[in-house]
1. With θ taken as phi - 60° and the coefficients 6.51, -1.76 and 1.60, list the Karplus ³J(HN,Hα) couplings across the stretch B:108-116 in order, rounded to whole Hz; mark glycine and proline as x.
2. Taking only DSSP H segments of four or more residues, each worth -39500 (n - 2.57), what value at 222 nm results for chain B once the sum is divided by all its residues, to the nearest 500 deg cm²/dmol?
3. Any chance you could list the semi-axes, whole Å, largest first, of the equivalent ellipsoid that the Cα gyration tensor gives for the stretch B:5-76, using √(5λ)?
4. Taking the label point as lying 7 angstrom from Cα along the Cα-to-Cβ axis, what are the distances from residue A:116 to the corresponding position in the remaining copies, in ascending order and in nanometres?
5. Leaving out ligands and nucleic acids, and using a 1.4 Å probe, what accessible area per residue does the stretch A:51-103 come to in Å²?
6. What do you get for the angle between helix B:57-70 and the principal long axis of chain B? Use alpha-carbon atoms, 0 to 90 degrees, nearest ten.
7. In sequence order, what are the phi-derived ³J(HN,Hα) couplings for the stretch B:11-24 according to the Karplus relation 6.51 cos²θ - 1.76 cosθ + 1.60 with θ = phi - 60°, rounded to whole Hz, with x for glycine and proline?
8. What percent of all Cα-Cα pairs in chain B falls into each 10 Å bin, going from 0 up to the bin containing the maximum distance?
Protein chains: 2
Amino acid sequence: MIYDPKYENKLRESGLRPTKQRIKICEVLFNSTETFHFTIKDLVKIIENQANIKVSLATVYNTVHAFNKKGYLKEIPINSSQSYYDTNISHHHHFFDEDENKLIDIDQNDVDEVMIKKTIPGKKIKSIEVIAKIVTDN
Amino acid sequence: MIYDPKYENKLRESGLRPTKQRIKICEVLFNSTETFHFTIKDLVKIIENQANIKVSLATVYNTVHAFNKKGYLKEIPINSSQSYYDTNISHHHHFFDEDENKLIDIDQNDVDEVMIKKTIPGKKIKSIEVIAKIVTDN
DNA sequence: AAATACATTAAAATCATTCTAATCTGTTGA
DNA sequence: TCAACAGATTAGAATGATTTTAATGTATTT
């Protein structure tokens with residue numbers, strides 16, 4: 001079977017074989033020029049609405065995990081019962097709107113570079129994320 | 001019944017009545033000069049080891065939630081199956097050691113103040129948190 | 001001290017996530 | 001090309017944190 005090589009590469013580089021289900025997941029995540037925030041549940045819903053193929057939860061989870069590990073997706077650090085992922089893997093930050101449980105991007109240029117003076121022996125910094133919680137201003 | 005007024009106030013200000021169980025939770029959380037990070041499970045374990053009273057999970061959850069809401073505790077924004085709380089409510093940040101699933105404080109003085117230029121109409125910033133993920137440096 | 005409002009509890013329910021084990025499909029090497 | 005194998009898919013079960021329930025208990029108010 002032959003797939004869009006763009007997605008085939010992404011999958012292979014993430015340690016996954018290209019399959020019909022995974023290509024569909026790629027289409028949903030990477031087809032658009034727009035980046036977005038999603039939960040696993042969101043993703044399953046979009047696939048169900050868009051596609052005529054059925055993809056099981058287990059497949060969605062393992063594919064998203066592999067992309068996250070490889071760096072094609074980023075998990076956003078917030079406390080929520082569900083994990084949020086971001087298709088925008090460039091360096092940027094987030095507002096989390098606590099009234100509506102919604103994430104809003106903050107462009108890198110809108111935050112001064114975060115400099116951390118403390119170091120931990122034997123450890124290196126993998127990522128730095130800023131989360132600003134916002135609420136209705138009364 | 002008469003309790004340490006320090007804890008009684010904390011509880012009442014959080015909208016809770018002082019009870020034997022809740023006072024015990026306060027003792028564990030606020031008795032020490034040291035601040036610490038904990039999960040609900042940790043807290044229950046400490047209470048079981050230290051005290052001769054039994055406190056149900058439901059009571060621990062509702063008490064911790066009330067303190068968090070009031071601001072006597074802070075929930076730390078990381079993706080983990082469990083929620084992490086911090087008894088240090090002063091403005092500071094965290095490393096999250098991904099190898100050991102452990103949080104490490106970063107003093108406010110070790111991070112330049114984070115300035116966010118973007119604003120969202122009708123919303124105000126409630127908190128700004130920096131999470132720096134660290135891993136073994138090879 | 002009675003009446004009320006809130007608290008406590010064990011157990012059940014919920015919900016995201018992970019695991020399982022049976023079946024299926026890409027992939028590889030002859 | 002095609003058999004054999006490694007890895008993928010799936011529904012459903014298992015797990016584990018958190019929330020809810022509903023019966024009973026306790027602090028509070030009058």
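The values are calculated or read from the model by the stated rules, or taken from the named source; none is laboratory data. In this text, all values refer to a predicted model and were calculated from it rather than measured experimentally. Cβ sites come from the backbone with ideal geometry, for glycine too, and all protein chains shown count toward neighbours. Note: areas computed on protein heavy atoms with side chains; ligands, DNA, RNA excluded. Shrake-Rupley method; radii C 1.70, N 1.55, O 1.52, S 1.80 Å.
1. 3, 5, 8, 10, 5, 4, 8, 9, 10
2. -10000 deg cm²/dmol
3. 16, 14, 12
4. Listed shortest first, these distances are 1.9 nm.
5. On the way: 2560 Å² over 53 residues.
The answer is 48 Å² per residue.
6. 50
7. Going residue by residue, I get 5, 4, 5, 8, x, 10, 7, x, 9, 3, 5, 6, 4, 4 Hz, with x marking Gly and Pro.
8. Computed distribution, short to long bins: 10, 36, 32, 17, 4, 0.
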